Amino acid sequence: MHDLSALPEPKPPLMSRTPSSETRTTSGGIHARFLVEHSGFTLDVDLDLPDRGVTAIFGQSGSGKTTLLRCLAGLVTPVSGRLSIGADVWLDTANRLCLPTHCRPLGYVFQEASLFPHLTVEGNLRFGLKRVARSEQRVVFDQAAQLLGIEHLLRRMPSGLSGGERQRVAIARALLTSPRLLLLDEPLASLDRQRKEEILPYLARLHDELDIPVIYVSHAPEEVARLADYLVLLDNGRTVASGLISDMLARLDLAVARADDASVVMPGVVIGYESTYELLTLALPGTPVTMRVVHSSMRLGDTIRVVVKARDVSLTPQAPALGSILNVLPATVVGIAEAHAPSHVMVRLDVEGTPLLSRITRFSSDRLGLAVGMRVWAQVKAVSLLT
Ligand SMILES: Nc1ncnc2c1ncn2[C@@H]1O[C@H](COP(=O)(O)OP(=O)(O)OP(=O)(O)O)[C@@H](O)[C@H]1O
């Protein structure tokens, strides 16, 4: 298990474990098939989701993300559908089975945390705990408080908490119900950037340290890149694509890879640390390619996730002479697509088997004569790896 205690507090760890093949869908995973008819909107999905890690449901406003989550929770009953979590069937309209929400062992956290205002933080947490028989508890009080970093808030009243603290308490309370499934509906949407940064590391911890699958609704690509293992793209109530995050974010046929804030996740094994400069050296697994990332210490051998924004990657045909950019990666152009803005193109690169995106101007692309198969150098600012 990843030793997060090695990371100093208040600096948030901006990287977490890389998605693993463990999160691939198995027959014992989550199967969700829903047909919902609202006036003017139809949700029609058939999904096999992993029963570990974080699955992000991503799509534009109105694409049906919340409706899908509400179906999972039993708050919306589909016209037809089936939902199974491992061997447990929660919905099967063909057999007139629909487990009501209060009988589904799940945690649900909304955009705005709804804590009991008359109870302390501890009282709120114990309320979650009380709902579970001791023999069925999979998460204990101290573990939840520590995971969300709220031990020092236990005596406080909700009215005295910041938005980020309230969300952390709400998530801890949901965990203490020992859910089979944790549903998070844009839990960071109402927070400003600083509060988001405060809470993201705790969400990353959930994913590393708990064996509870998380379904995470978001329309923020950066959050998705930092947290998710698996991604479902929704558009107008239908699944556009779903798969492992590392594959999905680099697919030029999907709008998410051509967006203004397109990012990829790259895995890196920590092979060195220069304390004077707070610089980690990471190797792309199984390759001689290394990257350097500004960050406080991590354990040698840890595999971590690095998020690289396409706009922070520039291309050059020759290896540059000594410059301030630390990461210059050998790459092959494998695809070029129109970016969100017509003045730019999105270039998909292959770095020894790992996909990387670069968003450059159409002018630069033409000047470089970029074409599929061309060998280039991708320059990535070390600092940009952490944003
Ligand atoms: N109870 C309802 N009755 C009628 N229409 C509904 C109902 N709930 C949702 N809708 C409609 O279904 C569509 C999908 O809504 P939903 O809230 O699932 O989208 P979303 O992707 O979560 O959007 P956002 O990102 O804005 O939260 C919208 O057009 C919405 O107006």
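Read-outs: derived from the displayed coordinates by stated rules, not from any lab. Note that this is a predicted model, so its numbers are computed, not measured. All Cβ positions, glycine included, derive from the backbone under ideal geometry; neighbour counts span all protein chains shown.
Okay, here's what the table says:
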item	result
Likely footprinting exposure, T77, T177, fewest C-beta neighbours within 10 Å first	T77, T177
Separation of alpha-carbon centers, region 227-264 and region 121-175, rounded to whole Å	32 Å
For the chain: relative contact order, % (alpha-carbon pairs under 8 angstrom, 6 or more apart)	17 percent
With Cα atoms, 0 to 90° folded angle of helix 193-209 axis to the chain main axis	80 degrees
Extension reserve of the S84-I271 stretch, reckoned as 0.36 nm per residue once the Cα distance is removed	63.2 nm
Once the Cα gyration tensor of the chain is diagonalised, semi-axes √(5λ) in Å	37, 26, 17
Counted charge near V347, where neighbours are those whose Cβ lies closer than 12 Å (Asp, Glu -1; Lys, Arg +1)	+3
Largest-first principal axis extents of the Cα set of region 263-386 (Å)	42, 26, 26
Rounded to 10°, Cα long-axis angle of helix 163-175 versus longest principal axis of the chain	60 degrees
Footprinting exposure proxy for W90, W377 (fewest neighbouring C-beta atoms within 10 Å first)	W377, W90
Cα centroid separation, region 55-110 to region 299-355 (Å)	38 Å
For region 26-102: rounded, prolate or oblate by the Cα gyration tensor [a/c cutoff 1.5]	oblate
Length-normalised contact order of region 199-321 in % [C-alpha pairs under 8 Å, at least 6 apart]	18 percent
Built amide H within the under 5 Å cut-off of H295, gap 5+	L279, L280
Region 263-386 - charge dipole about Cα centre, Lys and Arg +1 at Cβ, Asp and Glu -1, debye rounded to 20	220 debye
Order of D350, D44 under a 10 Å beta carbon neighbour criterion, fewest first	D350, D44
